[in-house]
Amino acid sequence: MEKKRFLIVEDDIESCKILNIVLAEYDLTVVHTLASAKPHYQARHFDVFMLDNWLPDGSGIDFCREIRSNLPDTPIIFTSGAAHNYNINEATDAGATHYLVKPYDPFQLQQIVKDLFNPSIRAFTSPG
């Protein structure tokens, strides 16, 4: 079975190290800017996107909207230090499937990802 592919856009190097460990069973493409994410996004299929809210060269929210307009059903997980309801609502309104506030429990992230690939759970919890 082919590994699920993730595009992770995260500028915090320590968070990237954690994600590489927690999500080691998946095919991860990890980049640190929107400029480096877009060529990957355009050239390859991804099963999940993980975005930070604030990136050095732009907004994860804007990229989320772009992804959602082209891929309405692909899960998008935000992992961000932005913990205000405004930030969470903005991401959700842009199409985020989940929003985890840093620091988050890595086991919670693993469970979220596992649930995303469980068709019976995903059908029940998908926004729609």
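Gly95 passes every criterion in (1) more than 24 Å from Pro119 (Cβ to Cβ); (2) surrounded by 17 or more Cβ atoms within 10 Å (Cβ to Cβ); (3) modelled with pLDDT of 95 or more apart from (1).
Being touching a residue at least 24 places away in the same chain (Cβ under 8 Å) and farther than 13 Å from Ile8 by Cα is true of Ala94. Within 14 Å of the chain's Cα centre (by Cα) and either part of a helix (DSSP H, G or I) or at pLDDT 95 or above (or both), is that true of Phe107? Judged against the criteria, Phe107 is not a match.
Going by what's in this entry, would Ile18 be described as of a type in the set (Val, Ile, Thr) and either within 13 Å of the chain's Cα centre (by Cα) or not in a helix (DSSP H, G or I) (or both)? Against the criterion (of a type in the set (Val, Ile, Thr) and either within 13 Å of the chain's Cα centre (by Cα) or not in a helix (DSSP H, G or I) (or both)), Ile18 does not qualify. Taking the conditions exactly as written (under 21 Å from Pro103 (Cβ atoms), charged (D, E, K, R), in contact (Cβ under 8 Å) with a residue 24 or more places away in the chain and surrounded by fewer than 20 Cβ atoms within 10 Å (Cβ to Cβ)), does Asp47 satisfy them or not? For Asp47, the condition - under 21 Å from Pro103 (Cβ atoms), charged (D, E, K, R), in contact (Cβ under 8 Å) with a residue 24 or more places away in the chain and surrounded by fewer than 20 Cβ atoms within 10 Å (Cβ to Cβ) - is not met. Scanning segment 25-42 for residues that are part of a loop (DSSP other than H, G, I, E, B) and under 15 Å from the mean Cα position of the chain (by Cα) yields Tyr26, His32, Thr33. The residues listed here are Asp27, Asp12, Asp52; of these, the one that is over 19 Å from Tyr104 (Cβ atoms) and not small (Gly, Ala, Ser) is Asp27. Out of Leu55, Leu19, which single residue is over 14 Å from Phe6 (Cβ atoms) and in contact with an Asp or Glu (Cβ under 8 Å, 6 or more places away or on another chain)? On inspection, the qualifying residue turns out to be Leu55.
Of the residues making up segment 77-116, those that are more than 19 Å from Ile21 (Cα to Cα) and touching a Lys or Arg at 6+ places or on another chain (Cβ under 7 Å) are Gly81, Ala94, Gly95. Hey, among the residues in segment 43-92 that are polar (S, T, N, Q) and assigned to a loop (DSSP other than H, G, I, E, B), which one's modelled with the lowest pLDDT? Checking each candidate, the answer is Asn53. Only one of the numbered conditions (1) closer than 22 Å to Asn118 by Cα; (2) crowded, with 18+ Cβ neighbours inside 10 Å; (3) out of contact with any Leu (no Cβ under 9 Å at 6 or more places or on another chain) is not met by Asn53, and that is (1).
The values are calculated or read from the model by the stated rules, or taken from the named source; none is laboratory data. The shown structure was predicted, so the numbers you read here are calculated from the model rather than taken from an experiment. Quick reminder, even Gly has a Cβ in these numbers, built from the backbone with ideal geometry, and neighbours come from all protein chains shown.
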